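**Student:** After the structure tokens below, expect a handful of questions from me.
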């Protein structure tokens, strides 16, 4: 609708002048033309919604073979960042509602969140908290409190990492990773103290990856690797540690 386009783009200066401290948020249902719309908002977004769907042609082109195609969160986040040319914050809208009879479980919520973070999201919003298919319906109508418990648990887990998440990326802290990128995607941050390194890592695809070795570039000795949120630790030797990834697995390593 060409006649509507000027009106859409005209909203930004109008709203900004009326509310100078406000933020204009724009989200798209598809990612093919994010670059055309980036100048209509302060913050850009898209809503991948993989749970309850099967791989489409775009998912399959990146290697997805199984449902749900969690790879979609990685692809869409990466594309919104790329097509915004670094000129906008990216707050991804993630899935927290029942789609085709499937409500995201805790693992699927966690996978969505960390895949978005690893691929450049600087904020996360969830669609479906209050709707006929969301947490409110599950609690009050279906009598199912698990979705709320899962959401609360994940929110608390991620908020504990806030000081790390808002800090700059530090790719220099990792010298090498034995798995190619993709299928392994990762983000490195400095921890809350000078001797700490935090690595957010995910299997980009649904095929397992075994024996992925991370080699740190720090000269100071680091003796422990805790896998955040999983209640396990890994041995580290000469600045290197190894782990395995099932399909779409996400792991957060805190190295001290």
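FYI, it's all coordinate maths here, none of it is from the lab. Note that the coordinates shown come from a computational prediction; the quantities given were computed from them, not determined experimentally.
**Student:** Choose one answer from 21, 86, 52: the residue with the largest mean-square fluctuation in a GNM of the chain with alpha-carbon springs under 10 Å.
**Tutor:** 21
**Student:** Right, something else. Send over the per residue convex hull volume for the range 171-255, Cα only, as a whole number of Å³.
**Tutor:** Hull volume normalised by residue count: 83 Å³.
**Student:** Taking a quarter of the surface of the convex hull around the Cα atoms of the range 82-124, what do you get in nm²?
**Tutor:** Its average projected convex-hull area is 3.4 nm².
**Student:** A further question on this structure: What do you get for the angle between helix 5-18 and the principal long axis of the chain? Use alpha-carbon atoms, 0 to 90 degrees, nearest ten.
**Tutor:** With both axes taken from Cα atoms, the answer is about 80 degrees.
**Student:** While we're here: Please give the per residue volume of the convex hull enclosing the alpha carbon atoms of the chain, rounded to a whole number of Å³.
**Tutor:** 149 Å³
**Student:** Oh, and also: What number results when the radius of gyration of the range 31-140, computed over Cα atoms, is divided by 2.2 N^0.38 Å?
**Tutor:** That ratio works out to 1.07.
**Student:** Something else now. Considering the chain as a Gaussian network with a 10 Å cut-off on Cα pairs, which listed residue, 114, 49, 85, attains the greatest mean-square fluctuation?
**Tutor:** Maximum fluctuation in the GNM of the chain, among the listed residues, is at 85.
**Student:** Still on this structure, I have one more. Take the chain, connect every pair of alpha-carbon atoms lying under 10 Å apart with a spring to form a Gaussian network, then pick out the residue of 29, 121, 64 with the largest mean-square fluctuation.
**Tutor:** 29
**Student:** What is the antiparallel percent of DSSP beta bridges lying wholly in the chain, to the nearest 5?
**Tutor:** Counting DSSP beta bridges with both partners in the chain, the antiparallel share is about 75 percent.
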